[in-house]
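Worksheet: one structure, shown below.
Each value in this text was obtained by applying a stated rule to the coordinates, not by laboratory testing. Note that the structure is a prediction, hence the values are computed from the model and not measured. Neighbour counts run over all protein chains shown; Cβ positions are idealised from the backbone, glycine included.
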Amino acid sequence: MINTAVATEPWSVLSPAGELQRDELNARSTQHKSPLNLREALRNMVLARRIDTEAIALQRQGELGLWPSLLGQEGAQVGAGLALRPQDVVFPTYREHAVAWCFGVDPVQLLGLFRGTTMGGWDPRERNFNLYTLVIAAQTLHAVGYAMGIVRDGDVGTGIPERDRAVIAFLGDGALSQGEANEAFVWAAAQQLPVVFFCQNNQWAISTPVQTQSRVPVYQRAGGFGIEGVQVDGNDVVATHAVVEQALAKARAGGGPTLIEAVTYRRNPHTTSDDDLKYRDRTENEHWAALDPIDRLRTFLLSEEADGERIDDEFLTALADEEERLAQRLRTGCRSLPTPNPEDPFVHTLERMTRELEVQRDEHLAFIAAGEVDATATAEITQ
Ligand SMILES: Cc1ncc(C[n+]2csc(CCOP(=O)(O)OP(=O)(O)O)c2C)c(N)n1
Ligand SMILES: [Mg+2]
């Protein structure tokens, strides 16, 4: 069988050299009304990358058990994150740090999950940003279930901008091989649910290349489910934003689901526990580094073509200062995260504790009291 998974050219408007094709963008974006603020997009990508860099450093210093890096995926995530409205609902995986950032989740709370000091990290109802899901593709079914609820609440297709809602489910290329993702596609298509499946095809699922997961380009799989499939350059924040905004607008209006394939690359190892050079070549990384989402937008915004949106040294200095302040806040915030009570996992498992769980809790507390284990040690997390 011929493998065509990498043969298509994803839709793009901002080239790696920093040239923006405004006509191409406008031709596609006629239906949506809120153009991307390019300075804000750059700022969010830069700050999200800094969160990532700091988190990796904190993991190396023993402050976090693990960190899944987003390096290289800032364009896809900020493009999607800035297309959402506050009433939309996000179902993330474990790598969506830039989306969390755009949606107002405190990054210190993200660190808590990977420090092992919390079982969740934040209140999903506060910002409609659900907890990270480490069980691959499980969140796609949660998203579909939530979208069914939105339909039953009558919050689709009313034409009232503050009322109509959509759900966005993030998933990786590897998640496409899970039964849950495929069930979610069937269900979303059958009921024409207001859900956008945003697949970041970062080329790898730990050590398995996307070509093994999908014999056709990811977005083409949508057709078989009766879902519209769109492929976009995930390293182009402008194109990604336009595509996601269109898909969300369609979903909110009652037009049904979309599967978006954002073509990008995971530049770091899968997590801080992984050694990617065991299964891939360094030159591949160099290829994608040249397609960097931040570099291309910065180049454009520094050029004359940026017109009113043009940035200068003053803008970049202010951004660098903001980065430093954020980094400082992450370092102190991480170290002062509250140490969890050893009872917590038992307390929060079921609404009412069973007798069996009570016995286990008492055994656990007695074990700690006997000095067998240091309850304050950072948990070892693996996935
Ligand atoms: C149900 C399930 N099976 C296996 C794993 C182990 N696992 C963790 S991440 C991962 C790869 C996921 O790859 P992808 O969906 O492409 O997301 P990415 O890590 O590239 O963002 C696997 C297999 C898991 N967490 N859950
Ligand atoms: Mg992947």
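Only counting other Cβ atoms within 10 Å, I'd like 266, 335 sorted with the fewest neighbours first.
The most exposed by this proxy come first: 335, 266.
Taking R0 as 41 Å, what FRET efficiency do you get between residue 317 and residue 355 from their Cβ-Cβ distance, rounded to the nearest 0.05?
Efficiency for this residue pair is about 0.10.
Let me check I have the definition right: for region 45-165, take the eigenvalues of the Cα gyration tensor, multiply each by 5, take square roots. What are those semi-axes in whole Å, largest first?
Those come to 28, 16, 12 Å.
Based solely on its DSSP helices, what 222 nm [θ] is calculated for the chain when runs of n ≥ 4 H residues each add -39,500 (n - 2.57) and the sum is averaged over all residues, nearest 500 deg cm²/dmol?
For the chain, the value works out to -13000 deg cm²/dmol.
Net charge within 11 Å of residue 105 by Cβ-Cβ distance, Lys/Arg positive one each and Asp/Glu negative one each, not counting residue 105 itself?
-3
Taking 1 over the mean of 1/r across every pair of different Cα atoms in region 240-308, what Kirkwood radius in Å do you get?
15.5
Can you list the HN-Hα couplings for region 236-249, worked out from phi with the Karplus curve (6.51, -1.76, 1.60; θ = phi - 60°), rounded to whole Hz and with x for Gly and Pro?
Karplus values, whole Hz, x for Gly and Pro: 10, 5, 5, 5, 4, 4, 4, 5, 5, 4, 5, 5, 5, 4.
Output wanted: per-residue J couplings in Hz (rounded whole) for region 200-206, from phi through Karplus 6.51 cos²θ - 1.76 cosθ + 1.60, θ = phi - 60°, x for Gly and Pro.
7, 7, 9, 6, 9, 10, 6
Once every Cα of the chain carries one equal point scatterer and solvent is ignored, give the base-10 log of I(q)/I(0) from the Debye formula at q = 0.07 Å⁻¹, two decimals.
Summing over Cα pairs of the chain leads to -0.33.
If Lys and Arg each add +1 and Asp and Glu each add -1, what is the summed charge of the other residues whose beta carbon sits under 13 Å from the beta carbon of residue 189?
On the way: positive: 221; negative: 183, 228.
It works out to a net charge of -1.
Determine the sum of side-chain charges near residue 336: Lys and Arg each +1, Asp and Glu each -1, restricted to other residues whose C-beta is under 12 angstrom from that of residue 336.
+3
Give the relative contact order (percent, whole number) for the chain; include only Cα pairs under 8 Å separated by 6+ residues.
25
Starting from the Cα-Cα distance between residue 324 and residue 160, subtract it from 0.36 nm times their residue separation and give me the gain in nm to one decimal.
Here the answer is 55.0 nm.
How far apart, in nm, are two points set 7 Å out from the Cα along the Cα-to-Cβ line at residue 344 and at residue 286?
4.5
What does DSSP give for the chain in terms of the percent of beta bridges that are antiparallel, rounded to the nearest 5? Don't jump to the answer; show the numbers that get you there.
Values: 3 of 26 bridges.
Among the beta bridges of the chain, antiparallel pairing accounts for roughly 10 percent.
Taking neighbour Cβ counts within 10 Å as the exposure measure, how do 180, 351, 54, 74 sort from fewest upward? Mind dumping the intermediate values first?
Details: 180 18, 351 5, 54 21, 74 30.
Fewest to most other Cβ atoms nearby, the residues stand as 351, 180, 54, 74.
Please report 260, 150 as a ranked list, fewest other C-beta atoms within 10 angstrom at the top and most at the bottom.
150, 260
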